[in-house]
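Below is one structure, written out as structure tokens; the observations come after it.
The values are calculated or read from the model by the stated rules, or taken from the named source; none is laboratory data. The structure displayed is predicted, hence computed values, not measured ones. For neighbour counting, all protein chains shown are included, and Cβ atoms are generated from backbone atoms with ideal geometry for every residue, glycine included. Surface areas here come from the heavy atoms of the whole protein model, side chains and all, with no ligands, DNA or RNA. Shrake-Rupley method; radii C 1.70, N 1.55, O 1.52, S 1.80 Å.
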Amino acid sequence: MLFQSILVAALALLPFAARAAVWDVTVGGTAGLVYTPPYVNAAVNDTVHFTFNAKNHTVTQSSFEAPCTPLLGGVNTGFGNPVDPTATSGFPTFDIIVKDTEPIWIHCEQTGHCPMGMVFAINPPPTGNTFAAFLAKALALAPPTTKKIKRSASYWYQNGTPMRRGASESAATPL
């Protein structure tokens with residue numbers, strides 16, 4: 001009888017011991033073009049709960065090798081959840097239930113957001129293909145910026161480098 005009582009008590013507690021965690025992630029919002037936090041270390045059966053804030057962002061799975069390219073067959077919320085910048089509640093959400101502890105790499109598909117660093121990871125490794133390395137790969141995809149400081153008839157500056165004027169600015173060469 002004592003064994004039965006202990007067994008019943010243990011089984012009653014089982015749902016509490018097996019509860020999975022919920023990881024809240026903010027997409028965009030006041031922090032800017034980022035996911036907050038930028039990554040989570042989740043266990044199997046944990047839920048990663050994304051809340052979409054102002055503007056129109058996505059949760060799109062990619063690979064470590066190509067951080068800003070959607071992974072064929074991967075998670076993709078798509079567009080369609082635009083949020084009014086003045087909204088303070090009622091934000092759209094999306095959940096990923098973690099099935100294993102392998103890394104899941106995510107980016108925002110909105111034009112220009114991923115190369116500006118809007119990336120996220122579930123279970124990034126602490127060495128090798130780290131979140132920092134994933135972020136660096138995304139940032140490396142940003143187009144070079146051209147800052148024109150001064151123009152004259154024969155030269156102009158690009159990123160602080162004086163350039164000789166060619167037939168067009170695209171044909172310009174360094175001085």
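Given (1) out of contact with any strand residue (DSSP E or B) (no Cβ under 9 Å at 6 or more places or on another chain); (2) over 22 Å from Pro115 (Cα atoms), identify the lone condition not met by Asp46.
(1)
(1) modelled with pLDDT under 95; (2) out of contact with any helix residue (DSSP H, G or I) (no Cβ under 9 Å at 6 or more places or on another chain); (3) open to solvent by 60 Å² or more (accessible area, probe 1.4 Å): which one isn't true of Thr146, the others all being true?
(2) is the only condition that Thr146 fails.
Tell me yes or no: at least one residue of region 42-63 is in contact (Cβ under 8 Å) with a residue 40 or more places away in the chain, small (Gly, Ala, Ser), within 22 Å of Leu141 (Cα to Cα) and open to solvent by 10 Å² or more (accessible area, probe 1.4 Å).
Yes, some residue in region 42-63 is in contact (Cβ under 8 Å) with a residue 40 or more places away in the chain, small (Gly, Ala, Ser), within 22 Å of Leu141 (Cα to Cα) and open to solvent by 10 Å² or more (accessible area, probe 1.4 Å).
Here's the yes/no breakdown for (1) touching a helix residue (DSSP H, G or I) at 6+ places or on another chain (Cβ under 6 Å); (2) under 21 Å from Glu109 (Cβ atoms); (3) in a loop (DSSP other than H, G, I, E, B):
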position: Ala20; (1), (2), (3): no, no, yes
position: Thr26; (1), (2), (3): no, yes, no
position: Ala42; (1), (2), (3): no, no, yes
position: Asn45; (1), (2), (3): no, no, yes
position: Val48; (1), (2), (3): no, yes, no
position: Thr51; (1), (2), (3): no, yes, no
position: His57; (1), (2), (3): no, yes, yes
position: Pro67; (1), (2), (3): yes, yes, yes
position: Pro70; (1), (2), (3): no, yes, yes
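Does region 59-80 contain at least one residue that is acidic (Asp, Glu) and over 20 Å from Val22 (Cβ atoms)?
First pass over region 59-80, keeping only residues acidic (Asp, Glu): 65.
Imposing the further condition that a residue be over 20 Å from Val22 (Cβ atoms) reduces the set to 65.
Yes: one or more hits.
When you scan region 75-126 for strands (runs of 3 or more DSSP E) that lie fully inside it, which ones turn up with 2 or more residues that are modelled with pLDDT of 95 or more and closer than 22 Å to Ala142 by Cα? If you could, list the steps in order and put the result at the bottom.
Details: elements: 93-97, 104-107, 119-122.
Filter on region 75-126 gives 104-107, 119-122.
Which ones in region 79-108 are open to solvent by less than 80 Å² (accessible area, probe 1.4 Å), free of Cβ contacts under 8 Å to residues at least 40 places away in the same chain and either under 17 Å from Pro125 (Cβ atoms) or among the basic types (Lys, Arg) (or both)?
Hit for region 79-108 is Pro103, nothing else.
If I ask for residues that are over 17 Å from Leu33 (Cβ atoms), open to solvent by less than 50 Å² (accessible area, probe 1.4 Å) and touching a residue at least 12 places away in the same chain (Cβ under 8 Å), which ones from region 109-132 would you list? Walk me through how you get there before you give the answer.
Here is the first cut: in region 109-132, the ones over 17 Å from Leu33 (Cβ atoms) are 122-130, 132.
Those still in the list that are open to solvent by less than 50 Å² (accessible area, probe 1.4 Å) too: 122-125, 130.
Ile122, Asn123, Pro124, Pro125, listed by residue number.
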